[in-house]
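Taken together, the values in this text are just the output of simple stated rules run on the coordinates, not laboratory data. Only a predicted model underlies this, so the values are computations on that prediction, with no experimental measurement involved. Don't worry about glycine lacking a Cβ; one is built from the backbone with ideal geometry, like all the others, and counts go over all protein chains shown.
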Amino acid sequence: MKEVSLTRQECLDLLYEFTNTDSLRKHALSVEAAMRAYAKKYGEDEELWGAAGLLHDFDYEQHPQFPDHPTKGSEILKERGFPEEFRRTILSHVPATNVPRDTKIAQTLFACDELCGFIMAAAVIRPNKIADLEVSSVKKKLKDKAFARAVSREDIMQGVQEAGLALDEHIALVIEAMRGAAKDLGFA
């Protein structure tokens, strides 16, 4: 994939330009952390993968409904000089776009998106937040349909399957990545 020429700070500025809510900003930061961890694991460009995590929902606050999200965001990214392949990755994280997730970065973004939201919900209610969150606790909460009911368990499972991941290892990697970003996520 062609490099994204913007720095992390410029991507953060873009996120903050369009996203005012703390929870959505934290979601973007959590997905960024997970994407960077996977980029490192796969020997990919951590800046590029991190940018995809940061910007995947940057338009959501202003355009929360499909088709506006993520298509209007993709148009903004195009105007800002982001390459087509990067924009396709962002578009593909919303199943309704029918943009195929035919790259490792697209599959990983989809796999991380809902899981990050779920782990955030699981961590925020714990006394030690994410510091001692375990895979088994996340899996137990996944079975509780009343917990974080807005998070699509189907998307989590589909993401794991499409990316060829083992659920336990995926959860563990995402928890560890989010621990590394604990301060930015409000857990420090």
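Only one of the numbered conditions (1) surrounded by fewer than 20 Cβ atoms within 10 Å (Cβ to Cβ); (2) touching a Phe, Trp or Tyr at 6+ places or on another chain (Cβ under 6 Å) is not met by Met35, and that is (1). A search for C-beta distances below 7 Å between a residue of the stretch 132-152 that is within 20 Å of Glu169 (Cβ to Cβ) and any residue that is surrounded by 10 or more Cβ atoms within 10 Å (Cβ to Cβ) and of a type in the set (Asp, Glu), counting only pairs 6+ apart in sequence or on different chains, returns Val135/Asp168; Val151/Glu114. Give Arg179, Arg149, Arg80 a once-over and let me know the one that is farther than 21 Å from Ser23 by Cα, out of contact with any strand residue (DSSP E or B) (no Cβ under 6 Å at 6 or more places or on another chain) and among the basic types (Lys, Arg). The unique qualifying residue is Arg80. Checked against the criterion of being of a type in the set (Val, Ile, Thr), under 21 Å from Leu24 (Cα atoms), out of contact with any Gly (no Cβ under 9 Å at 6 or more places or on another chain) and crowded, with 23+ Cβ neighbours inside 10 Å, the stretch 88-99 contains one or more residues that satisfy it.
Checking each residue in the stretch 1-52 for being within 16 Å of Ala106 (Cβ to Cβ), within 16 Å of the chain's Cα centre (by Cα) and among the β-branched types (Val, Ile, Thr) picks out only Val31. Only one of the numbered conditions (1) farther than 18 Å from Gly53 by Cβ; (2) surrounded by 16 or more Cβ atoms within 10 Å (Cβ to Cβ); (3) acidic (Asp, Glu) is violated by Asp113, and that is (1). Can you confirm whether Ala28 is aliphatic (A, V, I, L, M) and without any contact (Cβ under 8 Å) to a residue 24 or more places away in the chain? Answer is no for this residue. Filtering the stretch 38-80 to residues that are in contact (Cβ under 8 Å) with a residue 24 or more places away in the chain, assigned to a loop (DSSP other than H, G, I, E, B) and surrounded by fewer than 18 Cβ atoms within 10 Å (Cβ to Cβ) leaves Glu44, Asp45, Glu61, Gln62, Phe66, Pro67, Arg80.
You will find that of Lys140, Lys129, the residue that is farther than 21 Å from Pro70 by Cβ, in contact with a Phe, Trp or Tyr (Cβ under 6 Å, 6 or more places away or on another chain) and surrounded by fewer than 21 Cβ atoms within 10 Å (Cβ to Cβ) is Lys129 and no other. Among the residues making up the stretch 133-163, those that are within 17 Å of the chain's Cα centre (by Cα) and not β-branched (Val, Ile, Thr) are Ala148, Ala150, Ser152, Arg153, Glu154, Asp155, Met157, Gln158, Gly159, Gln161, Glu162, Ala163.
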